[in-house]
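The values are calculated or read from the model by the stated rules, or taken from the named source; none is laboratory data. Just so we're clear, the structure is a prediction, and the values are computed from it rather than from any experiment. Because the Cβ atoms are built from the backbone with ideal geometry, glycine has one as well, and the counts that use them run over all protein chains shown.
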Amino acid sequence: MAEIIDGKRISSEIKEELKEEVAKLKAQGIEGCLAVIQVGNDAASSVYVRNKKKACEYIGIHSKSFELPENTTQEELLKLIGELNADSSVNGILVQLPLPGHIEEKTIINAISPKKDVDGFHPESVGSLTIGQKGFVSCTPAGIIELLKRSDVFIDGKNCVVVGRSNIVGKPMALLMLRENATVTITHSHTKNLKEICKSADILIVAVGKKEFITGEYIKEGAVVIDVGIHRDENNKLSGDVKYEEAAEKASKITPVPGGVGPMTIAMLMHNCVLAMKS
């Protein structure tokens, strides 16, 4: 049976380290402030925003909250972002996604100053990652790297398969694994022989957005399995993109849902906020 990779514990460790770092920065007169913008009142988004504000409070940085109505125009949102870009007391800006349909996400992401892009979504941040320069890294992939390293998973030279090619997880995940000297394969909805490719993975990272899509048949004996997916059924029970019980029979280590990747995303957002304080 696989060893469980405990994202709650590891995220708590990271937040404790960041709390100490923030205290040292404050002693030097450096304060941190994250501006969090939410448009509309999507229930899941409200939970995420609340958790982000709690994490800020815990590590000792301020958070400014902007809860805008659903009918906020794109122009109004861009104006607010412009004001926050110009506000020297704000180190980080986060616009909670998804946005209402009448607002173009790409335009909003591009409007945030790369120096304050703590989500790591701006094209400049992505470009820096691609060519190996310093910059903000998308929080979920960065969190997965920490999960692996702090669970004593040796990445160098390993075969890594990433299932999913989203801009937020799949693509940056592949780039980060390359940075750690893994041999990386990205798979997606057009991939032929997906099962065979997944079975070649020493480290299998699944971010496909389909409930329990990856079964035990996709997993090599002794592989490390990271499940990025999160799905809620009619009884409010959470599950991931991986069929956990089957995968745990074959894997050497596995992340649970909940309590695996999820807590790491917020921990790495806080890490990016502290980086923004220093820059």
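Tell me, which helices (runs of 4 or more DSSP H) wholly within the stretch 188-279 include 1 or more residues that are modelled with pLDDT of 95 or more and within 20 Å of the chain's Cα centre (by Cα)? Lay out the reasoning, then the answer.
On the way: elements: 194-199, 244-250, 262-278.
The helices (runs of 4 or more DSSP H) meeting that bar are 262-278.
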Exercise for the section: Return a yes/no flag: does the stretch 161-171 have any residue that is part of a helix (DSSP H, G or I) and not β-branched (Val, Ile, Thr). Expected result: yes
Fill in the blank from the handout: Note on residue 47: of the conditions (1) among the β-branched types (Val, Ile, Thr); (2) over 30 Å from residue 224 (Cα atoms); (3) surrounded by fewer than 12 Cβ atoms within 10 Å (Cβ to Cβ), unmet is (2)
Exercise for the section: State whether one or more residues within the stretch 73-96 are surrounded by fewer than 19 Cβ atoms within 10 Å (Cβ to Cβ), free of Cβ contacts under 8 Å to residues at least 40 places away in the same chain, part of a helix (DSSP H, G or I) and of a type in the set (Ser, Thr, Tyr). Expected result: no
Practice task
Answer yes if at least one residue in the stretch 26-38 is part of a helix (DSSP H, G or I), free of Cβ contacts under 8 Å to residues at least 60 places away in the same chain and within 21 Å of residue 258 (Cβ to Cβ), and no otherwise.
Solution key: no
Exercise for the section: Give the residues of the stretch 103-133 that are touching a residue at least 24 places away in the same chain (Cβ under 8 Å) and part of a helix (DSSP H, G or I), sorted by residue number. Expected result: 107, 108, 111, 115, 116, 126, 129, 130
Handout entry: Candidates 203, 214, 219 - the one that is among the β-branched types (Val, Ile, Thr), without any contact (Cβ under 8 Å) to a residue 40 or more places away in the chain, within 20 Å of residue 257 (Cα to Cα) and in contact with a Cys (Cβ under 9 Å, 6 or more places away or on another chain)
Key = 219
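Select, from 57, 70, the only residue that is assigned by TED's automatic domain parsing to the domain that holds residue 105, part of a helix (DSSP H, G or I) and surrounded by fewer than 16 Cβ atoms within 10 Å (Cβ to Cβ). It would help to see each step written out before you state the result.
Numbers: 70 fails: part of a helix (DSSP H, G or I).
Checking each option against the conditions leaves just 57.
Quick check on this structure: which one of 177, 173 is among the hydrophobic types (A, V, I, L, M, F, W, C), surrounded by 20 or more Cβ atoms within 10 Å (Cβ to Cβ) and within 21 Å of residue 240 (Cα to Cα)? Spell out the reasoning first.
Values: 177 fails: within 21 Å of residue 240 (Cα to Cα).
From the options 177, 173, the qualifying one is 173.
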